[in-house]
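The values are calculated or read from the model by the stated rules, or taken from the named source; none is laboratory data. The model shown is predicted, which means the values in this text are computed figures rather than measured ones. Backbone-built Cβ (ideal geometry, glycine too); neighbour counts: all protein chains shown.
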Amino acid sequence: MTHLLLGTGSALPGEPIGNERLKERFGTDPRWVDRFIGTRTRHLGVDLDTGKPTHSLVDLATEAAEAALADADLDPHDVDVLVLATASPDHLMPASVNLVADRLGLQAVPTYQLQSGCAGAVQALSLAGRMLDDEHRTALVVGADSCAKHLVLDHDFAALPPSELVNYVIFGDGAGAAVLGLADEPDAPGTHLGPVRNSFVGVGRDPGQVIRWFGAADRDSGEQPVAEDYKAIEAGVPGLAADVLADLLERTGWAPDTLTHLLPPQLGGRMTEQITRGLVERFGLTATEVSCVAETGNNGNALPFLQLDRLFPLEPGDRALAIAIESSKWIRTGFVLEGK
């Protein structure tokens, strides 16, 4: 059977927040943000003036799911499987995926939640594809993340180390979704999902990112909630992205110059530019880049679906290749799409 991408959707909280607004709130230099991070705007599910949350992860995931279903011209009762990928659920229990299912009215439908970083969206696609069969014909796949719970707005920001302050400018909140379905004919018209690759490659390798969760016993530990090893990420991600691209080209038998669209890893505007430039030069690509992180901020599991939402649907003859790399413990993922 053939897997088809039937619809996509996205959800971003509030109006875009520019670098000048962050300067007013956090004292960050807009020139530094532009030069080294390359993110121009981001969306946050928290009011920067009051510190009050405006959108939960479940809010965003539900909105993106509804948009994807509408794009596919389907109703919630058409969904046979629901999969959610996130690194930042609203609660450890109940699972956010089940709260989304409740809001959508998906009674008696199998649900799965993957806790993962940027690679989780692709892992969720892979899992959803494996779940489809004669009984389960349609899967709703959602990727969402929210950094609002980590934004402590009463800090002395001038005293924060750069490794912590950067988290206030690089990340954003958001959700994306896709509807995956089955077709009985191999050449059925539509956007075909090809091979999906998902490989853990972190044996013996230190984490590039750590996001800590605190309970009643350790909430006052003083540990930094989010820590990034940006030098390790800058050094490791380009090579892993190239590995995924080479692997998918080999598996599909596609020549590099037949790709029409490239969805590169979305880390930050500047780093994504560098990774894309390296892939283009190494493989001789002429594909159109599909990126969003400079406008949306790094909203983790939402990003591959936000890219898909910009791309979908593919025209007959189009070929797209997407790459997502997770640096928390080093996972390389990717997938291909073909228009028929």
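Assessment of segment 47-55 against the conditions (without any contact (Cβ under 8 Å) to a residue 60 or more places away in the chain, polar (S, T, N, Q) and either over 26 Å from LEU267 (Cα atoms) or outside any loop (DSSP other than H, G, I, E, B) (or both)) yields at least one matching residue.
Could you identify the single residue in ALA255, ALA287, ALA241 that is of a type outside the set (Val, Ile, Thr), modelled with pLDDT of 90 or more, more than 14 Å from GLY334 (Cα to Cα) and buried (at least 17 other Cβ atoms within 10 Å of the Cβ)? None of the others qualify; the one that does is ALA287.
Kindly provide the set of residues from segment 280-329 that are of a type in the set (Gly, Ala, Ser), closer than 23 Å to ILE170 by Cα and out of contact with any Cys (no Cβ under 6 Å at 6 or more places or on another chain), ordered by number. Steps first, please.
Kept after step one, since they are of a type in the set (Gly, Ala, Ser), are these residues of segment 280-329: 284, 287, 291, 294, 297, 300, 302, 317, 320, 322, 324, 327-328.
From what's left, closer than 23 Å to ILE170 by Cα: 291, 294, 297, 300, 302, 322, 324, 327-328.
Correct list: SER291, ALA294, GLY297, ALA302, ALA322, SER327, SER328.
Report the residue count in segment 57-97 for those that are farther than 30 Å from PHE214 by Cβ and either free of Cβ contacts under 8 Å to residues at least 40 places away in the same chain or assigned to a loop (DSSP other than H, G, I, E, B) (or both). Adding up the residues that qualify gives 8. If you go through segment 296-311 and keep only what is surrounded by fewer than 24 Cβ atoms within 10 Å (Cβ to Cβ) and within 23 Å of GLY253 (Cα to Cα), you end up with just LEU311.
Scanning segment 69-91 for residues being under 20 Å from the mean Cα position of the chain (by Cα) and either under 29 Å from LEU151 (Cα atoms) or not hydrophobic (A, V, I, L, M, F, W, C) (or both) gives a total of 10.
Starting from residues that are of a type in the set (D, E, K, R) and in a loop (DSSP other than H, G, I, E, B), keep the ones in segment 312-340 and report whichever is surrounded by the fewest Cβ atoms within 10 Å (Cβ to Cβ).
Only one residue fits best here, namely GLU315.
Restricting attention to segment 277-303 and to residues that are in contact with a Leu (Cβ under 7 Å, 6 or more places away or on another chain) and part of a helix (DSSP H, G or I), the residue that is farthest from ALA61 (Cα to Cα) turns out to be PHE283. LEU308 falls short of the stated requirement of being part of a strand (DSSP E or B) and in contact with a Gly (Cβ under 8 Å, 6 or more places away or on another chain). Among the residues of segment 157-205 satisfying the criterion of being within 22 Å of the chain's Cα centre (by Cα) and assigned to a loop (DSSP other than H, G, I, E, B), which is surrounded by the fewest Cβ atoms within 10 Å (Cβ to Cβ)? Within segment 157-205, the match that is surrounded by the fewest Cβ atoms within 10 Å (Cβ to Cβ) is VAL201.
The residues of segment 244-255 that are free of Cβ contacts under 8 Å to residues at least 40 places away in the same chain and within 26 Å of PHE200 (Cβ to Cβ), listed by number, are ALA246, GLU250, GLY253. Do we have VAL142 as surrounded by 15 or more Cβ atoms within 10 Å (Cβ to Cβ) and assigned to a strand (DSSP E or B) here? Here the answer is yes, as VAL142 does meet what is asked.
For ARG130, state whether it is touching a helix residue (DSSP H, G or I) at 6+ places or on another chain (Cβ under 7 Å), in a helix (DSSP H, G or I) and not aliphatic (A, V, I, L, M).
It is false that ARG130 is touching a helix residue (DSSP H, G or I) at 6+ places or on another chain (Cβ under 7 Å), in a helix (DSSP H, G or I) and not aliphatic (A, V, I, L, M).
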